[in-house]
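The values are calculated or read from the model by the stated rules, or taken from the named source; none is laboratory data. Just so it is clear, the structure is predicted and the values come from calculations on it, not from any experiment. Note: ideal-geometry Cβ built from the backbone for every residue, glycine included; neighbour counts use all protein chains shown. Accessible surface areas use protein heavy atoms only, side chains included; no ligands, DNA or RNA. Shrake-Rupley method; radii C 1.70, N 1.55, O 1.52, S 1.80 Å.
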Amino acid sequence: MQLETQLTEPRLAAPTGQGLLFVLSAPSGTGKDTVIHALKEQGMDFHVVASVTTRAPRPGESDGNPYYFVSQEQFQGMVDRNELIEYAQVHGNWYGQPMQQIQDNLQKGRDVLLKIDVHGAATVRKKVSGATYIFLVPGSVEELVERLTNRQTETSEERQRRINDAEYELAQREHYEYVIENRQGRLEEAVENLKAIMRAEHCRTHPHHVHM
């Protein structure tokens, strides 16, 4: 399960030869997929981990884009075989992060971006050392509600659940090293900030080394 991207910009490799691991969290509807896609469009080369989930695909989604859609039984099999670095039930569905994708790309010297919720990030902190944690926030709660309403991908009950969850998630920002604001109409600014963080991490005197 690997997402391949064309190399259009020189790869930023740490002196150890290992890629860096970035963990990106955000409340649902903040625009993390949009920010990531826009950064890739600029030519940044990094692997985005495609999570596995038991939820049904939304219109326009396909297997591997942006998730691998599996049955409850398939998901449980991956858990039993210890193939997921973390997994959790979020908004009524199960999500998990395949470990092999992360290990393979890091060993090749390619950066890896793991987009997970705050609960998943907390689990990764306990299991992995050397990752960089980034939190994406909306310009305001009102903007978040508007985005969730306009995308029309959830029922009213699901949307309200995500709004309620966002209050708790936003309070977890203090556990992250970086916070990026993705304000309405200011996508480019958020993208440039994410790019700056990823590049700066490669400029450390002693870059992080990921241990899993």
(message) Can you list residue pairs whose Cβ atoms sit under 7 Å apart, with the first residue in the stretch 33-46 being under 13 Å from residue 189 (Cα atoms) and in contact (Cβ under 8 Å) with a residue 12 or more places away in the chain and the second being outside any helix (DSSP H, G or I) and of a type in the set (A, V, I, L, M, F, W, C)? Count only pairs 6 or more apart in sequence or on different chains.
(response) 35/136; 36/48; 36/113
(request) Six or more apart or on different chains, Cβ under 6 Å: which pairs go from a residue in the stretch 64-77 that's over 19 Å from residue 114 (Cα atoms) to one that's open to solvent by 30 Å² or more (accessible area, probe 1.4 Å)? Could you list them? (result) 72/54
(message) Please go through (1) in a loop (DSSP other than H, G, I, E, B); (2) farther than 22 Å from residue 208 by Cα; (3) modelled with pLDDT of 90 or more for residue 87 and return the number of the only condition it doesn't satisfy.
(response) (1)
(message) I'm trying to understand the selection: among the residues of the stretch 55-71, which are over 28 Å from residue 129 (Cα atoms) and either at pLDDT 95 or above or in a loop (DSSP other than H, G, I, E, B) (or both)?
(response) 55, 56, 57, 58, 59, 60, 61, 63, 69, 70, 71
(message) Test of understanding: among 151, 183, 162, which residue is under 18 Å from the mean Cα position of the chain (by Cα) and basic (Lys, Arg)?
(response) 162
(message) I'm checking my understanding of the structure. Among residues of the stretch 165-180 that are assigned to a helix (DSSP H, G or I) and under 15 Å from the mean Cα position of the chain (by Cα), which one is surrounded by the fewest Cβ atoms within 10 Å (Cβ to Cβ)?
(response) 173
(request) Could you tell me which residue of the stretch 107-119 is surrounded by the fewest Cβ atoms within 10 Å (Cβ to Cβ), considering only residues that are within 12 Å of residue 86 (Cβ to Cβ) and at pLDDT 90 or above? (result) 118
(request) Can you run down the residue pairs with Cβ atoms below 8 Å, 6 or more apart or on separate chains, where the first is in the stretch 85-100 and without any contact (Cβ under 8 Å) to a residue 12 or more places away in the chain and the partner is of a type in the set (Ser, Thr, Tyr)? (result) 89/95
(message) Looking at the stretch 140-164 only, could you name the residues that are of a type in the set (Gly, Ala, Ser), part of a loop (DSSP other than H, G, I, E, B) and open to solvent by 60 Å² or more (accessible area, probe 1.4 Å)?
(response) none
